[in-house]
Every structure is written in C-alpha cells, then in structure tokens.
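The values are calculated or read from the model by the stated rules, or taken from the named source; none is laboratory data. Everything numeric here is computed off the predicted structure, so don't read it as measured data. Ideal geometry is used to build each Cβ from the backbone, glycine not excepted, and the neighbour counts take in all protein chains shown.
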Amino acid sequence: MSISKKTILFLLTIVILIISLVGMILVNRIDKIEVLEDKFIEKNIKKFQNVLDSTSLHIKGIAYEYSLNDILSKAVKNNDVNEIETYMLNRDDLMQNLKLSYFVLYDINKKQIYGNSFDINSNEYLSIPEELNTFMKQDLFSYIKKSNDVFFMTLNYEKTIFVLEKLLYKNEHIGYVFIARTLDATLLNEIGELLQEYISLISFYDDKNIKELNFFGKKIYYDIQKISKDQVFSYIKLYDDLEKKSFYIRMKSNRQIFDFLLNNIEITLMVFLIMIVIVLLIFYVFMQKLFTSRIEYITTMVKKASKNESPSLELKVDYDDEISYLSRKMNQMFKHINYQQSLKLQKEKDFLQSVLDSQKNIILITDGNKIQSTNQKFNDIFHSEDSFMTNIALLDETSSANLIRVAQKYGTLEGPAQLKCIDEDNKYFTFDITRLDIKNYLICMNDVSAVNKKIMTLQNKASIDELTNAYNKNTITTYIKRWLEKRDFCFLILDIDHFKKVNDTYGHPAGDFILKNMISLISKELSKDDLLGRFGGEEFLILISDYSSNNILNISNRIRTIVDTHDFVYEEINIDISISIGCTFCEKGESYTAVYKRCDAALYKAKNTGRNKVIYNEGIIDNDSK
C-alpha cells in the first residue's frame, strides 16, 4: 500500500471516528429531546384531564345546589309537574348561562318528572332521549358514591359528561337530579385553545400499546404516536357508561419546539464536523504536497526503471531538501542505465528484423490498432501499412479495423480473409496470433488462395447440377425449407412436355442440349433474388421472391411462352419444346411436404388437361392467358 493511501486511510479513520462520535451525541440528544417532548405531552394530557375534572366539578356543584332546593324537592315528592315547570320557566336561561346540555329530574322510582335538553351550538331545545330513561333504571349508587370520578355517556349521538345527585326533601331521598354537558365542538375548541392543541373525538383506536399516568390518585390511560417530523398525536382513553365501551380523545400537537431543538443540534454538530474535515483536508494537502506525492513520484519512476518501461527517466527536483538530494543521485543512475539499455535494445531490434525478413509468410507485430513492425514479405505484397489498413477497414466493419479481432475471426480455412494486393489479383489469407507481451502480438498471415480456390470449386460441384448449372436437388430443397422458415414466396414446378419422345427420337445428347439451353433461357427471365434448381430428369423447381398471384401468373406464362416460341436447333434439326407449369403461394411456416404436394398437384393437372399450361392452385391459365 502506497504512503498516500496510508495517509488517506489514517485520515478516513479519524473522520469515521469523529462521525461516529457525532452520531452518538446526536442520537443521545434526540432521545433526550423526545423524552422532553413526551413530558410536555403528558403535561398537556394532565391539563386536559384537569379541564374534564373541572367541568365535572362545575356540573356537580350545580347538581348539588338543585338537589337541596326545597321547592323542586317538594314538587318532585308531590309529583307536581306544573310547579316544577313554573319554577323552571322563571329560569329559562338556566341552560344557556350555565352551559348545560341536560337537566332532568326523576322521582324515587326513577320515573322522569321533568326534563330539559339544550343544544349549546344551535341554541335550540331538544327532547330527552329514551336511552337516558333506560340508563336510569339500573343501580345508580356507584355514580353517586364516586363523587370525584368523571362519567361519560352518549346521548343524541354525542358524548356527554354527566353527574347524578340524590334529591332530598327534609333529609328524605325523594328522587334524582341528572345534569350533563356535551363534549361538543365548542367545548373541545375551548379546551384546544387553552392547551394550544387540536382536540377531537374518535370512536376507535388500537390501544395495544396504551400507557398509564397517575394524576391525583386517578389513572389516565393514554398513548403517543409520532406520525411525522411535524406532528404528534396523543390519545386519551375514556369510558362510555351507557354504551359500555371505550372511546378516545385525540390531541394533535405541533412539534415545532422539538424540530427547532433538533435543527439547532444538527447544525451545531454539522458545523463542528465540517470544521474537523476542513482541518484534516488542510493537513492532507500539506502532507501530500511536501512529502507523500514526492515519495510516490520517486517510487513510480523507480518501478518504471525496474520494468524497463521508459528508456529515458529523469526525476524532477523542486525543493532543496533530503528528498531532492536523493532525486539528483537517482537521475545520475538512470542516465547510465538508459545508455546501456539503448545499446541492448538496438541489437535486439536489428536481430528481430532480420529474423522476420527471413520468413516466407507475411509477419507483422501490432498492439491491435497500430502496426509496430513488418517483414519484407509484407512490404512486397502490400507496399505500405496504409494500403494494408485500408484493406482491413473494408474487410469487416464489425471489427473496427482492429487487427486482433480480424485475426481471430479469419483464422481458419472455413472463413479466410479476402484482401486486395498491389499489382496482383485478390488473395485469401488466414491469420495465426502469438502474444509477445502484455501489449503486442505477432500475427502471421498465411496465403491460402490456392487451397481456397479448390475448396470453392468442390463446394460448387456439390451444390450445382453439372449439366444445367442450376442448383441440384439437395441444394434447391434446402433453400425451399429455409425460405419457408423466414418469408412468404411463390413456388413453381415446371416439366418438359413429352421429353421422353425427344430422347427416343433424337437421342440423349439432344435431350441434354435441350435441358442446358432451356435453363439458360429461363434464367435470363428471373431476377437475381429468384432461385432455379433441377429436381430430377426434366423437372425443375423455381422459387420466386414476388408473392403476388397476378405477378406470378404473368411470370409463369412468360416463361412458358418463351420456351414455347424458342427455336431449339440441334445439329440443324429444329426441335419444338413446350412446358407445363404448376405454381402456388407459400406462407411462412408451412411445411415443405405440404407446398410441394400442392404445387405438384397443379403440375399434374396442367399435364392432364392438354399440357403447355400454367396452373395456379385450382385456376387454369391456357395458352392464350395473359
């Protein structure tokens, strides 16, 4: 490992340790801020509970006052509803002024004597819900005894705080007074303004993580959910004595203080971290400039000298210190080494060139893109490197004129490279590659023109019918199958009418003459993309790249007409020849057997309906067709 890397590693280690320390401090501060935030929320929860207690205490005070009212108590005892209504009529603003939602009187048998329900938000009087009368029929002792508890129930679909007090007349229990205050939007907004929170009622909450808080001997069940960086929800669990289930108060708190403290800590730690990094960078630049970069430079130059990568090395001397003194002494040593090395390299180069020039094959040394050296045979054939590289560029676009790729691609007799030589015809070469070192390769080019010519001749003989120069049966059959895999086309089968009679009458040489000249005549009518092959005897197959039915009929009839009107003269004997043609359209993906049978059936029909005809599928085109 270099000294520069060691220095960087050392500084990175320091940075990582500092970042880890800063991270630990930040996490600790965040935890403490969150604890502080939780304490603040718990304080607000206690305040909310205190407001509920105060509201309940307010209602209890009113209920207690009316429970001892002799006029009401006497009227209830006597079941005098008119007296009660007269008394309450003189206090028609009682509900509004005291912010009460329900004021109900019951006799000792828990029968409703008088009831008043007031909607504080709309300023309207409502009827007493029947569920309250049902509730009153149960044992009410626990609600009267627990005077310090806050009780809730749902009336007219609204949660209410309620109290119950016994009605006494001369210390005799003669009934009950029920007073309640709804937890409506007005009350919740007033509490929210007091606590600076948004407060709402919710009917359900997953309280599996509920916590407990003691408040003057009471237990408050609550939970805190920090849903985002900006907001936190706290849930207070309450109990509905009518519906016999829990409901919840949700307080939405703003985390501005938490966010402010957290940002301050983050900024402070970030500034500290940046300062540390700046100090370390300055230290690194100082070390790099005066020591590590100079030591690495000397080390690199010494490595190059040891690997013989540079024939002339000289160290720069920038300062007057111990490192500069060492550099000057090493420069003297390099000059001596370079001189000795140059002599050795020149001798080796001369010897290598003489060896290359003695070879019969073309030899070149290259890194793939540029030619480093060539032998005399190369110069005799191509004259110049530019001429040779032009050949390579035209040979294969995919190789990007890279000599290594070209040599790898054209390394066998199956695919030799065709190159244009100066003052000679094109020649064919194969390439052998030998790696000399990490950069350079030796390429030997073998002239295989004669061998390639023999191979091409043999390949032609294997695929061409010797008499007609059309494709033979195997070759034309192979092409049909390939075309069926890739494209749509038209397929023709032609047969010479009464060809056996020609052979019997004029002899087989005359028949060969007819075959050869007829195929030459038909080939002139076909495009360069069409294929013609001899299937056997006097039967030939034609593949037409045009797949229009009208065009193929025109082509087929033109071929038939040309043969029919041509004078075939063999040894001054005029021989009349006609042909029958069956043709069909071939779709991509069809089988060879299917298309051949279809076309052969058309030919059969042409020969059996008068000959000298063209049949396309089921349609017959006679001699006069166009």
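Annotations
- Filtered by the rule that a residue be of a type in the set (Ser, Thr, Tyr) and touching a Ser or Thr at 6+ places or on another chain (Cβ under 8 Å), region 225-261 gives SER234, TYR239, TYR248, SER253.
Every residue, every condition in (1) more than 18 Å from ILE544 (Cα to Cα); (2) part of a helix (DSSP H, G or I); (3) modelled with pLDDT under 90, yes or no:
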residue	(1), (2), (3)
ALA450	yes, yes, yes
LYS454	yes, yes, yes
TYR479	no, yes, no
CYS490	no, no, no
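- Taken over region 459-502, the criterion of being of a type outside the set (D, E, K, R), surrounded by fewer than 16 Cβ atoms within 10 Å (Cβ to Cβ) and more than 17 Å from GLY533 (Cβ to Cβ) is satisfied by HIS498 alone.
- ALA180 among the small types (Gly, Ala, Ser), within 30 Å of ASN78 (Cα to Cα) and modelled with pLDDT of 85 or more: yes
- If the condition is being in contact with a helix residue (DSSP H, G or I) (Cβ under 9 Å, 6 or more places away or on another chain), closer than 24 Å to PHE118 by Cα and not acidic (Asp, Glu), then region 186-206 contributes LEU187, ILE191, ILE199, SER200, LEU201.
- Region 82-98, subset of a type in the set (S, T, N, Q) and either in contact with a Cys (Cβ under 8 Å, 6 or more places away or on another chain) or loosely packed, with under 10 Cβ neighbours inside 10 Å (or both), residue farthest from ALA63 (Cα to Cα): ASN82
- Candidates TYR205, TYR222, TYR235, filtered to the one that is part of a loop (DSSP other than H, G, I, E, B) and either aromatic (Phe, Trp, Tyr) or at positive phi (or both): TYR205
- Within region 1-55, the set of residues being modelled with pLDDT under 85 and touching a Lys or Arg at 6+ places or on another chain (Cβ under 9 Å) comprises GLU34, GLU37.
- Pair list, Cβ under 6 Å, 6 or more apart: region 280-304 residue in a helix (DSSP H, G or I), other residue of a type outside the set (A, V, I, L, M, F, W, C) and surrounded by fewer than 16 Cβ atoms within 10 Å (Cβ to Cβ): GLU296/SER2; LYS304/SER310
- Every listed requirement among (1) more than 13 Å from LEU164 (Cα to Cα); (2) in contact with a Lys or Arg (Cβ under 8 Å, 6 or more places away or on another chain) is met by SER67 save one, (1).
- Within region 139-151, the residues that satisfy the criterion of being assigned to a loop (DSSP other than H, G, I, E, B) and farther than 18 Å from LEU105 by Cβ are ASP139, LYS146, SER147, ASN148, ASP149, VAL150.
- All positions within region 243-267 that are part of a helix (DSSP H, G or I), among the β-branched types (Val, Ile, Thr) and surrounded by 14 or more Cβ atoms within 10 Å (Cβ to Cβ): ILE265
- Summed over region 227-246, the residues that are in contact with a helix residue (DSSP H, G or I) (Cβ under 7 Å, 6 or more places away or on another chain) and closer than 21 Å to PRO129 by Cα give a count of 1.
- Any hit, region 492-513, residues being acidic (Asp, Glu) and in contact (Cβ under 8 Å) with a residue 60 or more places away in the chain: yes
- Residues of region 149-169 classified as of a type outside the set (D, E, K, R) and either at positive phi or over 60 Å from the mean Cα position of the chain (by Cα) (or both), total: 8
- Pair list, Cβ < 6 Å and 6+ apart or interchain, from region 342-368 residues that are closer than 14 Å to LEU436 by Cβ and in the same structural domain as ASN440 (by TED's automatic domain parsing) to residues that are assigned to a helix (DSSP H, G or I) and of a type outside the set (A, V, I, L, M): LEU364/PHE378
- Cβ separations smaller than 6 Å between residues 6+ apart or across chains give the following pairs from region 568-585 residues that are over 21 Å from PHE489 (Cβ atoms) to residues that are β-branched (Val, Ile, Thr) and part of a strand (DSSP E or B): PHE568/ILE575.
- Residue within region 344-357 that is out of contact with any Ser or Thr (no Cβ under 8 Å at 6 or more places or on another chain), modelled with pLDDT under 75 and surrounded by 15 or more Cβ atoms within 10 Å (Cβ to Cβ) present: no
- Region 40-64 residues that are at positive phi and acidic (Asp, Glu), paired with ones that are surrounded by 15 or more Cβ atoms within 10 Å (Cβ to Cβ) and modelled with pLDDT of 90 or more (beta carbon under 6 Å, 6 or more apart): none
- Elements of type strands (runs of 3 or more DSSP E) in region 555-626, at least 2 residues being modelled with pLDDT of 95 or more: 579-586
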